[in-house]
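What follows is a set of notes on a single structure, which appears directly below.
Throughout, read-outs are computed from the coordinates displayed, never taken from laboratory work. This structure is a prediction, so every number in the text was calculated from the model and none was measured. Neighbour counts are summed over all protein chains in view; Cβ atoms, including those assigned to glycine, are modelled from backbone coordinates with ideal geometry.
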Amino acid sequence: MKIVRAKDYEDMSRKAANILAAQVIMKPNCVLGLATGSTPIGAYAQLVERYNKGDLDFSEVTTVNLDEYRGLPRDNDQSYYYFMNDNLFGKVNINPERTFLPNGMEPDSEKACRDYDRIIEQTGGVDLQLLGLGHNGHIGFNEPGDAFELRTNCVNLTESTIKANQRFFASIEDVPRQAYTMGIGTIMRAKKILVVVSGEDKAQIIKEAFFGAITPKVPASVLQLHRNVTIVADEAALSLI
Ligand code: F6R
C-alpha cells in the first residue's frame, strides 16, 4: 500500500487527478471505476481542466460507478447519475453509452444487482478504481457487517451514513434508505485502486482501516490485501498516522 501525502484538499485533488489522467493517457480505452461523494469532486474538476486544455481524451474510456441510490430517478439532482454528469461526464468527451451506474429505478433489487454485475463483467474488468472512504469504513455503500459482500448488492444504509448524506437533501426524511452498490469482490478485482481521503474527521478511520485488523466491520480494511493500492490523503486525514 502506497500513501501519498498531500498538503490540503487542493493538493490531494491534483495528485489524485495525476493518477487518473496517467491511466487514461497510458491506456486510452481503459475502464475507470468511479466514486461520488464530496472527496473526488476536486479531482474531477482537475480532469475537466486538463480535458479543456487538450491534454486528456475520454473518447474511448469506459466507466463503472460504485453505487446509486435505490428509487431516485436519474434526473433527481441527488442521484449519482446526476452527480457524475454534473461533475465529469457532461464536461468531457466521454461516450455516454460507455458510462455505467447501477439502475436505481429498477425495483427488482435482485435483477438490478445481477444486471450490474453483468455490465461490469462485459467491460472486461476495472483498470483503476477510485474510492472515497466513509466515516464508518464503508467503501462504495458496503457498510460494516459480519461478512464482505462480494457482488453487487442492495444495502440498507446505516444511520451514520444517512446522517452524513443529509447535508445534500432538504431534510433527513428525503435521504434514501437503500442503495445498490458494487461488491467488495468486484472492487478487489480492480487492477489498481486509488483511495482519496481528506479532512481531520477521517483521521481515525484511516488509522483503523489501513493500520488495524482486516475485518468486515471496517470494510475498507480489506484493501490491505490488494496488491496495488494508492491512498492519496491530506495532512489532516493523516494526522493520526
Ligand atoms: C460514493 C461512495 C461512498 C463515498 C464515501 C465518502 O460513491 O461510494 O463510499 O466515497 O461515503 O464520502 P465523502 O467523499 O462525501 O466523504
Any residue in the range 158-167 that is touching a Phe, Trp or Tyr at 6+ places or on another chain (Cβ under 7 Å), within 13 Å of the ligand (Cβ to nearest atom) and closer than 20 Å to residue 34 by Cα? no
Scanning the range 183-204 for residues that are in contact (Cβ under 8 Å) with a residue 60 or more places away in the chain and buried (at least 22 other Cβ atoms within 10 Å of the Cβ) gives 186, 187, 190, 193, 194, 195, 196, 197, 198, 202
Just checking, does the range 136-159 include any residue being in contact (Cβ under 8 Å) with a residue 24 or more places away in the chain and in contact with a Leu (Cβ under 6 Å, 6 or more places away or on another chain)? yes
Quick count over the range 39-81, residues being loosely packed, with under 14 Cβ neighbours inside 10 Å and of a type in the set (Gly, Ala, Ser), is 2
Across the range 16-54, the tally of residues that are within 16 Å of the ligand (Cβ to nearest atom) and not aliphatic (A, V, I, L, M) stands at 9
Looking at the range 141-156, can you tell me whether even one residue there is assigned to a helix (DSSP H, G or I), more than 13 Å from the ligand (Cβ to nearest atom) and surrounded by fewer than 19 Cβ atoms within 10 Å (Cβ to Cβ)? no
For the range 215-233, the count of residues that are touching a Leu at 6+ places or on another chain (Cβ under 7 Å) and within 14 Å of residue 139 (Cα to Cα) equals 2
For the range 92-122 the number of residues that are away from the ligand (no atom under 16 Å from the Cβ) and either surrounded by fewer than 18 Cβ atoms within 10 Å (Cβ to Cβ) or in a loop (DSSP other than H, G, I, E, B) (or both) is 20
